[in-house]
Amino acid sequence: EEDSSNYNKWKPEIAWLGRALEPALQLYKWALPSANKLPPTDRSISEIFSSIQRSKLGFQDWTLSDLTIGLYLLYLRQASSSAVDHVNGEIITSESIVHDLIYHLELAKGSYRDNAGGLARNSMLREKDVIKFTRNSSLLRPGYYIGIDRRKKLVILCIRGTQNVYDLITDVISSGHEGINFETSYSTHYGTAEAARWFLTHEMGTIRRILARHEGFRLRLVGHSLGGAIASLLAVMLRKKSPEELGFSPDIVSAIGFATPPCVSKELAENCADSVSTVVMQDDVIPRLSPASITRLRNEIVETDWISVFTKEDWRGVIDVVANARQAVASLQDVARKLADYAKFRGQTEERAVPSSAESEEGSGGSRRKVPEDLYVPGSVYYLKRNAEYVEGQQGKCVEYFTLLKRRPGEHFRRIILSSNLISDHKCDAHYYALRDVIKGL
C-alpha cells in the first residue's frame, strides 16, 4: 500500500475478490452452530494474509475465506511458473487401447442419464440389454445400472459419481470410529468401502444369475469419480473371494474408473494393478485429494513468505497475466469446502507424521503435522497429459493437444496442482474430448 501506483493497480481486483468471497463466508456462517461466534466480515485482505501467515495449528484456526484466499494466492504463484505434476510413464500409441477407454467412458457417462433409453442412445449398449437402471441414490449407495454387451461378451455394473447430497455424504466420509482397515490388511476410504459392500451384498445375486445364463462372459465394473472408487474397491473384494463363494470365477472380474479419488493404501493400489485401471486427467484435483496431500498444500500456503513473493518484479502484474483468475476463485471455493470437510475427519483415526511440501521424505527439518494415513488412486493409471504447441508463422497462437501415458509402477500423485482446470478436468466430457484428441494425434 506504500506504493500508490501498485496499490491502485490491485485495488479493483481486491474489491472484486472480496465480493467473490462473500458466498463462501455466508456458507461458513450458515454451517456454524448458532452458539459459536461468527467470524468478522470486515477484515482487510492484508489482515487475512496475516492470519494465514500466523496459522500454524491447523484448519480449525482458518475461516473458509482464509483457506480460499490461501488457495487463490498459491494458484497465482503456480500459474506464474506454469506448475504441472510431472508424471513419468510410457506413451500409449495403440489406438485399440484408446478406443477401449472411450468405450468404457461412454458407459460411465451413461450412468448420469435419466433412464435406460438415454444410456442406450449414448453408449454401445442396447436398451433391451439394460437389465436394471437405478437413477436415484440412497445413503452410501449412488445410482447405478447393470447391462449386457453381447458383442464384447461383458456383464457391466456401472456406478455413478457424485450427483446429490447422498453421494456427497459418501464422498466426504474418509474415516469412522469403526476404522478404515480393509480385510484387516489394507487401508481404504471408509465411505467408499461401505458403498462397495452394499453392492456386494445386494447385487451379486443378480449378476451371478446373468453370468450363469451367458457362458464365457466377463464382469466389468465401471465408474466415474466416486463411482470409479466404488467399482475399484468392489473388484478388489470380489477377486479376494473363492469361486464357491461367488458362484463364478473371480478371475473374470476387472474394473475401470475415471477421475477416481484416492481410496486405497499404497500397497493395495499397487497390488490390484492387474485387475483395476484408472484414467486421470492432468489437472483434476479429485485424484490428488487425500488427507496427506491436503496437509502438504496447507503447509505450502503457510510456509510461503507472501511479503517477499509480492515484492518480486514479475508479480506486480500477475493479475494481468492470469486472464482466467476469476473462474479459478469459484473453483477454489469448491475445493476449500472439500478441504474443510476432510479436516473434520482428520482426528478420528490413527495418525502419522507426513512431511510438508518443503521437505523430502527423508528430511528431518521443516514443520510436520499429524494426519490420517495417506490414500492412493488404485491400479494401473492412465494419464491424460495436456500439451501446448505454438503454430509456426502465427505469432502467439498456441494449439492445445493431449497425449496418453501409462504411469510407471510405484509412482503416485503426491501434490495438488492448482489451475483453472482443476474442476473442469474432473468432468466426463473433458475426459471424452481429451481421449478423442489422443486418437487424432495417433
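The values are calculated or read from the model by the stated rules, or taken from the named source; none is laboratory data. In this text the structure is predicted, and so the values were computed from the model without any measurement. Note that each Cβ is placed from the backbone with ideal geometry, even for glycine, and that neighbours are counted across all protein chains shown. Ligands, DNA and RNA are excluded from the accessible area calculation, which covers all protein heavy atoms including side chains. Shrake-Rupley method; radii C 1.70, N 1.55, O 1.52, S 1.80 Å.
Some values worked out for this structure:
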read-out: For Val264, distant residues with modelled amide H under 5 Å away; value: His189, Tyr376
read-out: ³J(HN,Hα) computed for each position of the range 406-414 - Karplus, 6.51 cos²θ - 1.76 cosθ + 1.60, integer Hz, glycine/proline x; value: 9, 4, 5, x, x, 8, 9, 5, 10
read-out: Cross-link pairs beyond the 27 Å C-alpha cut-off, checked among Lys266/Lys385; Lys241/Lys406; Lys240/Lys385; Lys266/Lys406; Lys128/Lys406; Lys152/Lys266; value: Lys241/Lys406; Lys240/Lys385; Lys128/Lys406; Lys152/Lys266
read-out: Extension gain from His412 to Lys440, taking 0.36 nm per residue of separation minus the Cα-Cα distance; value: 7.3 nm
read-out: Sequence-distant residues sharing a close amide H with Cys272 (under 5 Å, placed H); value: Gly379
read-out: Residue-level accessible surface for Ser424, protein heavy atoms, 1.4 Å, Å²; value: 40
read-out: Using a Förster distance of 45 Å, the FRET efficiency for Ser242-Thr93 (Cβ separation, nearest 0.05); value: 0.70
read-out: Principal axes of the range 183-265: Cα extent on each, largest first, Å; value: 35, 27, 20
